[in-house]
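Single-structure report; data block below.
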Amino acid sequence: MGTFEIISKHGEHEQVVFCNDKSVGLKAIIAVHNTALGPALGGTRMWNYNNEEDALIDVLRLSRGMTYKAAAAGLNLGGGKAVILGDAKTQKTEALFRAFGQFVNSLNGRYITAEDVGTGVKDMEYVFMETPWVTGIPKEMGGSGDPSPYTARGVLMGMTAAVKWQLGKDSVRGLRVAVQGLGSVGSHLVRNLVEEGAKVIISDIDPEKVKRLVAEYKVEPMAPEQILAADCDILAPCALGAVVNEQSIRKLKCKIIAGGANNVLAEARFGDQLKEMGILYTPDYVINAGGLMNVFVELEGYSSDRSMDKTKHVYDNCMNVFSIAKRDGVGTHVAADRLAEERILSVGQLRQRHPGNSSRAFTTLREVFKR
Ligand code: NAD
């Protein structure tokens, strides 16, 4: 299949940039999916792809996902992503990331990068030496640091919305919540849930993490192979994707699924099935947008308080998704896409009619650029 055929098969991307610098061994692809709402933001993944086509498909898919996530989150951002082809363990150098930074800079703010799988804060520091169009830089350089506390706070907000919608209650107090995965997001979520008075069940494949949280919060441990079938009100997947699949769906006993993990549904058809089963699914990219909100605040000039405050919007965003699902008689996974598409269309057209009035993020970064 030709390159343009692959691109059009995976969405209506505005721009795809192939970056090549032989002297430093850089091969990268930047995909700008949509800038109707603002500059395209999304992290840079460094991965040893089997072939170049896989890398292209990955960056196309991920950048499209970012458009929907930012739009549904109500942010003035579009969707973009970058991939660097190579081994993150052995092929990272200062020169490679600075060369990549120069390519990012050449897009003059149409694309803003960040960390992703295989890249970290140190790499973004090198990118920042060449371009201001980067987030996820260290706190002491004006960056926003670790996004997971904000992601977890947003998950609590989305979970609270789901509880209101499904159970008519104002909080998670007294409800049984099963948390799968006690990493960066899951561990913060457990703390938030305990503070809110929920009865928390926890699980991780790493027994040390379970032990630590049981000791700290007196929560109930459960074996990893049992957690998806836990007798609970809410299941909060905070580990890997595809947890709702052919095998697990029949075992679910929860009334709500609301967690931080990406790509919770193995396939879209499981979203329809959850609807038929009467289980309220809180779409992953809507409920886990707190980290993206945190990065957005970095663009405006970072404040941790403002960032935490912004995560409250996840409550309303989830409520909007549930309302659209009811209005259209569709699953919440479909409703989330509709929420994003409706905003891209209405606000995007507005911005086209008034092209001089760019988003505030754009203006602030431009000021950085002038310094
Ligand atoms: P992490 O790597 O810190 O934590 C993942 C945890 O899941 C680990 O403790 C791991 O041992 C555990 N785990 C793996 N398989 C498991 C299983 N079968 N059963 C139980 N536990 C298992 O990752 P994270 O940053 O906390 O992210 C968790 C999820 O949230 C991922 O899907 C990620 O893409 C998504 N997410 C994270 C953020 C963020 O701010 N970090 C933002 C948006 C989405």
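Annotations
- Using alpha carbons only: equivalent-ellipsoid semi-axes of the stretch 148-342, gyration tensor based, whole Å: 23, 22, 15
- Each residue of the stretch 241-251 is assigned a 3J(HN,Hα), and the resulting list reads x, 6, 6, 8, 9, 3, 6, 7, 4, 6, 8 Hz, derived from the Karplus form 6.51 cos²θ - 1.76 cosθ + 1.60 (θ = phi - 60°), x at Gly and Pro.
- Charge dipole (Cα centre; +1 on Lys/Arg Cβ, -1 on Asp/Glu Cβ; no other charges) of the stretch 148-342 amounts to roughly 580 debye.
- Legend: residue pairs LYS255/LYS326; LYS22/LYS92; LYS253/LYS326; LYS9/LYS81; LYS199/LYS253; LYS218/LYS253, Cα-Cα distance threshold 19 Å; pairs beyond threshold, LYS253/LYS326; LYS218/LYS253.
- Here, the stretch 1-65 is characterised by an Rg to Rh ratio of 0.96, where Rg is the alpha-carbon radius of gyration and Rh the Kirkwood radius.
- Heavy atoms of the protein chains alone define the surface here; on that basis the chain has 45 Å² accessible area per residue at 1.4 Å probe size.
- Restricting the stretch 3-93 to trypsin sites (Lys or Arg not before Pro) that sit in a DSSP loop and have at most 10 other Cβ atoms within 10 Å of their own Cβ leaves LYS89.
- Compared with the direct C-alpha span, the chain from ASP231 to ALA88 gains 47.4 nm at full extension, assuming 0.36 nm per residue.
- For the stretch 1-49 versus the stretch 109-131, the gap between their alpha-carbon centres in whole angstrom: 15
- Cα gyration tensor shape of the stretch 1-143, rounded if a/c is under 1.5, else prolate or oblate by comparing a/b with b/c: oblate
- Listed residues VAL219, CYS254, ALA268: farthest to the positive end of the dipole of the stretch 206-270 (Cβ charges): CYS254
- For LEU60, the solvent-accessible surface with a 1.4 Å probe is about 0 Å², rounded to the nearest 10.
- Rg and Dmax of the stretch 240-305, Cα atoms only, in Å: 15.0, 47
- Couplings 3J(HN,Hα) of the stretch 313-329, computed from phi: 4, 4, 4, 5, 4, 5, 4, 4, 4, 4, 5, 5, 4, 5, 4, 9, x Hz, in residue order, whole Hz [Karplus 6.51 cos²θ - 1.76 cosθ + 1.60, θ = phi - 60°; x for Gly and Pro].
- Between the listed residues GLY174, ILE279, TRP47, the Cα displaced farthest toward the positive end of the dipole of the chain, a dipole computed from Cβ unit charges relative to the Cα centre, is found at GLY174.
- Debye, to nearest 20: dipole size of the stretch 146-256, +1 on Lys, Arg Cβ, -1 on Asp, Glu Cβ: 340
- Relative to the compact-globule estimate of 2.2 N^0.38 Å, the Cα radius of gyration of the chain comes out at 0.98.
- Packing, taken as the mean count of other beta carbons within 10 Å per residue, orders the peptides 205-214, 160-169 from highest to lowest as 160-169, 205-214.
- Most tightly packed first, judged by the mean number of other beta-carbon atoms within 10 Å of their residues, the peptides 133-144, 319-330 read 133-144, 319-330.
- Cut-off under 5 Å, modelled amide H: who pairs with GLY86 long-range: TRP47, ASN48, TYR49
The values are calculated or read from the model by the stated rules, or taken from the named source; none is laboratory data. Please read all numbers here as calculations on a predicted model, not as lab measurements. When we count neighbours, we look across all protein chains shown, and the Cβ atoms used for this are built from the backbone with ideal geometry, even at glycine. Keep in mind that these areas ignore ligands, DNA and RNA; they rest on the heavy atoms of the full protein, side chains included. Shrake-Rupley method; radii C 1.70, N 1.55, O 1.52, S 1.80 Å.
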